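Data first, discussion second: the structure below is written as structure tokens.
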Amino acid sequence: MSRSPSVRGRVAAGLLPVLPVRDTVHFPGLVNTLHVVRDRSLKAVKVSLSGDRRLVVLSQRDMALEEPGQEDLHAIGIVSEPLQALPLPDGSQRVALRGLRRVRVKRMEEEAGIFWAEIEDLSEGVADSLEAEALRRAAVETFTTVVQLNKKMPPEAIQSVIHTEDAGALADAIAHHLPISPSQKQAILENLDPFSRLEAVFRLLKKDLQILDLNSRIHQQVERELGDSQREFYLREQLKIIQTELHEREDRLGETEEYRQLIEKARMPEETHERALVELRRLDRTPVSSPEGMVLRNYLDCLVGLPWSHTTEDRLNVSDAARLLEEEHYGLEPVKSRILDFLAVRQLTGSLRGPILCFVGPPGVGKTSLGKSIAEAMGRKFVRLSLGGVRDEAEIRGHRRTYVGSMPGRIIQSIRQCGARNPVFMLDEIDKLGSDGRGDPTSALLEALDPEQNDRFSDHYLEVPFDLSAVMFIATANLIENVPSALRDRMEVIPFPSYTDDERAHIAKTFLLPRALEEHGIQPSQVAVPDASLHAIVQDHTREAGVRSLQREIGALSRKAARAIAEGHATPLFV
């Protein structure tokens with residue numbers, strides 16, 4: 001924030017912004033959390049955070065005043081340090097302040113809607129006599145009893161005072177927790193003698209203890225005087241609550257047992273199995289309506305849904321693969337030959353270790369469909385992940401569970417959806433990966449593709465390693481120059497050449513046309529398609545390396561033919 005010259009001048013002159021507070025008094029050495037709403041207070045916090053992070057906290061004399069003036073504030077307060085300011089939707093802020101020391105305001109002025117104060121430090125004495133030590137121990141013991149009797153005071157309050165050796169600091173800490181009026185707390189704040197201050201706090205402690213004892217006796221007496229009908233009503237209401245809790249517990253036990261069975265059925269690695277049981281025990285201790293319970297359920301659903309041990313059986317037969325590739329893909333002889341070499345090595349070694357295949361070529365030449373054919377030839381499931389426009393590393397490696405709406409990375413999600421640990425995994429458009437301030441997804445892909453380390457792939461959401469060594473990764477790209485060099489080093493590039501016009505005409509006749517006719521409900525006998533028409537479509541209506549535009553043109557003609565047949569015309573002729 002840029003500050004005005006007048007603001008900078010006051011800071012340079014040693015003036016500090018003033019934060020007026022009501023219904024509370026702050027003490028040195030303690031952290032207070034305030035809900036700051038008033039415009040003057042919001043400006044004071046903003047100036048402090050942009051400067052030397054100090055401000056003067058002064059309590060109001062009249063707590064009912066909405067906009068106090070300078071004369072409405074006590075002269076003695078404390079210098080505090082804003083630790084954190086959390087903006088809220090309504091424009092207010094939740095501010096955490098740590099008290100530093102007592103001060104007295106010598107002079108106060110107003111500028112830019114902020115009170116500015118010239119201060120002087122207040123020195124405190126030292127109480128190190130035996131009498132002070134005895135008073136300190138008595139105060140700690142009495143405060144412990146008060147906290148145990150008063151259910152509105154947190155048990156952690158005991159720890160904040162039990163190890164405090166200084167009498168003055170002990171008095172401040174106890175006064176901070178005691179349910180006394182702001183005027184009483186202000187009087188304690190203005191008392192600079194540590195022994196006298198602790199004496200005053202001890203008297204307040206004894207008075208509060210007497211009130212708590214009296215309150216306890218009154219409750220006991222009322223409970224003894226409850227009539228039989230009232231006692232019966234009270235017990236019946238308790239019974240209803242107990243029965244409801246037991247029913248919820250039975251539901252929770254059923255859910256816990258169901259997750260336990262799924263965990264055992266998943267046959268996870270030992271490390272993951274132990275982690276799943278730990279999370280299940282946390283879920284069992286979490287209230288049903290707690291948001292954390294939903295986070296734990298989503299995490300357990302992800303763990304038990306992953307195919308930790310389920311694989312499909314490979315069919316590594318090179319002859320069958322050659323026949324399948326020939327039936328489904330025309331041309332591309334060098335490409336098919338290299339793929340058959342690749343599968344032959346896998347058949348002989350039984351291992352997937354080796355370079356990652358990267359199909360490089362223009363759109364529409366059959367890179368993705370060839371990957372599907374490889375999966376079919378091997379008897380594996382096929383997974384396709386498009387990497388175009390991916391810039392966030394978390395999309396590959398997942399989001400940590402500390403974030404709202406966190407989820408696994410896209411690799412783990414794809415493995416979970418396919419239901420097998422060894423699919424043919426196509427990383428499409430790997431040359432369109434990007435990077436920005438959210439991380440570099442290339443580094444995450446390196447771990448997934450490197451056979452030396454992908455047996456323990458780390459996903460931030462899972463927080464346990466997952467074995468990707470059985471996955472057969474295939475990448476595709478339009479331009480090899482755009483693939484990050486670190487990824488190129490781990491891949492074997494297989495170029496896909498453009499189709500000639502004759503090849504595209506043959507593909508149209510053998511593959512595209514029969515498929516288009518089937519999709520549009522047309523029998524082959526209902527249309528006539530001369531070869532010359534296909535060549536004319538290829539040469540005059542498409543200009544491409546692949547067959548995507550050709551497929552669209554044939555689809556358009558098929559729709560025209562379907563309309564002619566539906567209207568009862570004679571057999572259409574594609575010309």
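For region 27-110, the list of GluC sites (Glu not before Pro) that fall in a loop by DSSP and count at most 10 other C-beta atoms within 10 angstrom reads GLU66.
Set against the labelled values [x] 56; [y] 40; [z] 33, percent of Cα pairs over 42 Å apart computed from this structure falls on [x]. Rounded, prolate or oblate: pick one for region 17-104, where a ≥ b ≥ c are the square roots of the eigenvalues of its C-alpha gyration tensor, a/c under 1.5 means rounded, and failing that, prolate if a/b is larger than b/c, else oblate. Oblate. Surface composition of region 512-564: carbon plus sulfur atoms hold 48% of the accessible area, using a 1.4 angstrom probe and ignoring ligands, DNA and RNA. The slack in the chain from ASP193 to GLU118, taken as 0.36 nm per residue of separation less the alpha-carbon distance, amounts to 24.7 nm.
Report, in listed order, any pair from LYS152/LYS206; LYS46/LYS185; LYS381/LYS432; LYS336/LYS432 with a Cα-Cα distance greater than 19 Å.
Those over the limit are LYS46/LYS185; LYS381/LYS432; LYS336/LYS432.
I'd like the trypsin sites (Lys or Arg not before Pro) in region 350-428 restricted to DSSP loop residues with at most 10 other Cβ atoms within 10 Å, sorted by number. Passing both the DSSP loop test and the Cβ count: ARG353. Residues in the chain average 53 Å² of solvent-accessible surface per residue, probe 1.4 Å, ligands and nucleic acids excluded. To the nearest ten degrees, helix 39-50 and the longest principal axis of the Cα atoms of the chain are 70 degrees apart. Here GLU544 and LYS265 are evaluated by their C-beta separation; at R0 = 60 Å the FRET efficiency comes out at 0.75. Using the Cβ-Cβ distance between ARG61 and SER92 with R0 set to 30 Å, the FRET efficiency from 1/(1 + (r/R0)^6) comes to roughly 0.80.
Label separation (SER443 vs ILE218): 6.4 nm, computed from points 7 Å beyond Cα along the C-beta direction. Axis of helix 548-566 versus longest Cα principal axis of the chain: the two differ by about 70°, to the nearest ten degrees.
The portion of the accessible surface of region 373-418 made up by carbon and sulfur, rounded to a whole percent, is 45 (1.4 Å probe; DNA, RNA and ligands excluded). For region 45-75, backbone nitrogen atoms closer than 13 Å to the point 7 Å from ARG38 Cα along Cα-to-C-beta are found at 45, 57-74.
Considering only Cα-Cα distances, which of the following residue pairs are longer than 28 Å: LYS106/LYS207; LYS43/LYS151; LYS372/LYS509?
Those over the limit are LYS106/LYS207; LYS43/LYS151.
Counting only the Cα atoms, region 71-192 fills a convex hull of 151 Å³ per residue.
The angle between the Cα long axis of helix 228-266 and the longest principal axis of the Cα atoms of the chain comes to about 40 degrees, rounded to the nearest 10. The simple Förster model, with R0 at 56 Å and r as the Cβ-Cβ distance, assigns ARG203 and HIS310 a FRET efficiency of 0.15. Per-residue extension of 0.36 nm, minus the Cα-Cα distance of ARG285 and GLN84, leaves a gain of 69.2 nm for this segment.
The trypsin sites (Lys or Arg not before Pro) of region 475-505 include none that DSSP puts in a loop with a beta carbon having at most 11 other beta carbons within 10 Å. From the Cα gyration tensor of region 155-213, with a ≥ b ≥ c the square roots of its eigenvalues, which class applies: rounded if a/c is under 1.5, or else prolate if a/b is larger than b/c, or else oblate? The shape class here is oblate. Of all accessible surface on region 128-178 at a 1.4 Å probe, what whole percent is carbon and sulfur? Carbon plus sulfur share of accessible area: 54 percent. Between GLU133 and ARG490, residue separation times 0.36 nm minus the direct Cα-Cα distance comes to 121.3 nm.
The values are calculated or read from the model by the stated rules, or taken from the named source; none is laboratory data. Keep in mind the model is a prediction, meaning the values are calculated, not measured. Note that we place each Cβ from the backbone using ideal geometry, even for glycine, and neighbour counts take in every protein chain shown. Note: accessible area is taken over every heavy atom of the protein model, side chains too, but ligands, DNA and RNA are not part of it. Shrake-Rupley method; radii C 1.70, N 1.55, O 1.52, S 1.80 Å.
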